[in-house]
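Laboratory data are not the source of any read-out in this text; all were calculated from the coordinates shown. These numbers come from a predicted model, not from an experiment. All Cβ positions, even for glycine, are placed from backbone atoms using ideal geometry, and neighbour counts span all protein chains on display.
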Amino acid sequence: MVITDVILPIVFIVLLGFLLRRFGGKYEHAFSKTQLYILGPALLFSVMARNDTGYGLILQLLIYVIILSAGLLLLTQGIGKLAGGGRVERNAMSLAGVFTNSGFYGIPVCMLAFGEEGLKWAALYIVASSTVQSTLGIFLASAGKQKATAALATVFKVPLIWALIAGRVLADVNLLPPEPFMEMIDLLGRSAIPLGLLLLGMQLERIISGDDEETECAEPAPVSSQRLVGLGITSGVIKIFGGLGIALVLLRFFDVDPVLRNVMLVQSAMPTAVNAVVYATEFDCRPRIVTIGILSSTIISVGSITMILSFLI
C-alpha cells in the first residue's frame, strides 16, 4: 500500500527530525551546511556522472518547469490581486505557491514509489527546478532589498550547480574518478536523502515553535493575523492542487519515459520548499504568509501525494 510503503516511512523520518530539534537541540544549521556543501553536491554529481540522459531531455525538463512555475506565479499573483493584496503580499504568496520541495521531500517519495529509476529522474528534476527557482529568487530580490547582482552571485557560490556540471562534463570526456572513489561519492549522495528528511522535520519544528519571527515588511501598513493565515493557506492549496492541475495539462504535450512522466507529475504536486521562508525573510516579504503556506501544503500533501501515487502505482 502507498501509505505504508511510501508515506509512513517518510513521515517517520521527518518526525524524528522534528523531535530531535524539540528535545535534543538546534542542530539544523550544521545539518543544513552538511547537506548543502557535501551530501547534496555528491548526490547530483553521482546522478549526472552515471546518467547518460541527453541534453535534449534535460532541456525538455527545464521548459516544463518554466511553464509550470509561470502558471503558478500567475495564479498566485492573480488570486492575491483579487484578495486586495499589495505587491509584497502577492510576492509572498508567489514564494509559497511556486517554490517546490523537490529535494528533501520529492526525491525520497520518488525513490520509494518508483525505485532507482525514480531516484534518477527526481534528481534530474531538481536540476531544472533549482535553475528556475534561483532565477525567480533573483527576480523577487530585485523587488526587495537585495540587488539582483548580489542574488546572482549567491547562486554560483553554492556548490550544487558546479557539482552537476562537473559530473556531466567529466562523464562526457571519460575523466571520472576511479570506481572506488565513485562508490564513496555514491554513498555520500545516498546519505543526502535521509538527512534531508531529518532537516525538513527540524525546519518545520523551527517554524511551529515560532523561532522564525515576522520581520519588518517593506509595506508599512499593518495586516491582521487572520488575513495572513488566509493568504498563507490559499498559497498552500494553490501549490498542491494548482501544480497538479497545470501538470496534468502540460504532460499531454511532453513525450517522455513513463516513469519520468510520473516523477514530473508527483514533483509538480509537492508542497512548498522550506527555504522559501528564507527568501521571504531576506526580502522583507511577509514571511508569516510563506510559513503558513509551507505548513498547510506539507500537511495537505500527506493525503494528496497518497492519492496521486495510488493512481500511478
**Message:** Taking the Cα centre as origin and putting +1 on Lys and Arg beta-carbons and -1 on Asp and Glu beta-carbons, what dipole magnitude results for the chain, to the nearest 20 debye?
**Reply:** 600
**Prompt:** Using helices alone, what [θ] at 222 nm do you get for the chain, with -39,500 (n - 2.57) per DSSP H run of 4 or more residues, divided over all residues and rounded to the nearest 500?
**Reply:** -24000 deg cm²/dmol
**Prompt:** Can you give the extra length, in nm with one decimal, that the chain gains between residue 257 and residue 190 once fully stretched, where that is 0.36 nm per residue apart less the Cα-Cα distance?
**Reply:** 21.8 nm
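Please identify the DSSP H helices in the chain that span no less than 24 Å along the helix axis (Cα) and have a mean Kyte-Doolittle hydropathy of 0.5 or more. Write down the numbers at each step before the final one.
Details: long enough: 55-82 (40 Å, 1.78); 106-142 (40 Å, 1.07); 179-209 (45 Å, 0.85); 287-312 (35 Å, 1.65).
Flagged H segments are 55-82, 106-142, 179-209, 287-312.
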**Prompt:** Which entries in 26/157; 33/120; 81/120; 33/81 show an alpha-carbon gap greater than 29 Å?
**Reply:** 81/120; 33/81
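Taking every pair of distinct Cα atoms and averaging 1/r, then inverting, what Kirkwood hydrodynamic radius in Å comes out for region 2-312? Intermediate results must be reported in sequence, preceding the final value.
Details: mean 1/r = 0.0509 Å⁻¹.
The Cα-based Kirkwood calculation yields 19.6 Å.
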**Message:** Compute the distance from the alpha-carbon center of region 252-281 to that of region 224-240, in whole Å.
**Reply:** 20
**Prompt:** How do 52, 5 rank when sorted from fewest to most other Cβ atoms within 10 Å of their own Cβ?
**Reply:** 52, 5
**Asked** Got a sec? Charge dipole of the chain, +1 on Cβ for Lys and Arg, -1 for Asp and Glu; which of 16, 295, 111 is way out at the positive end?
**Response** 295
**Prompt:** Could you give the distance between the Cα centres of region 166-196 and region 69-132, to the whole Å?
**Reply:** 26
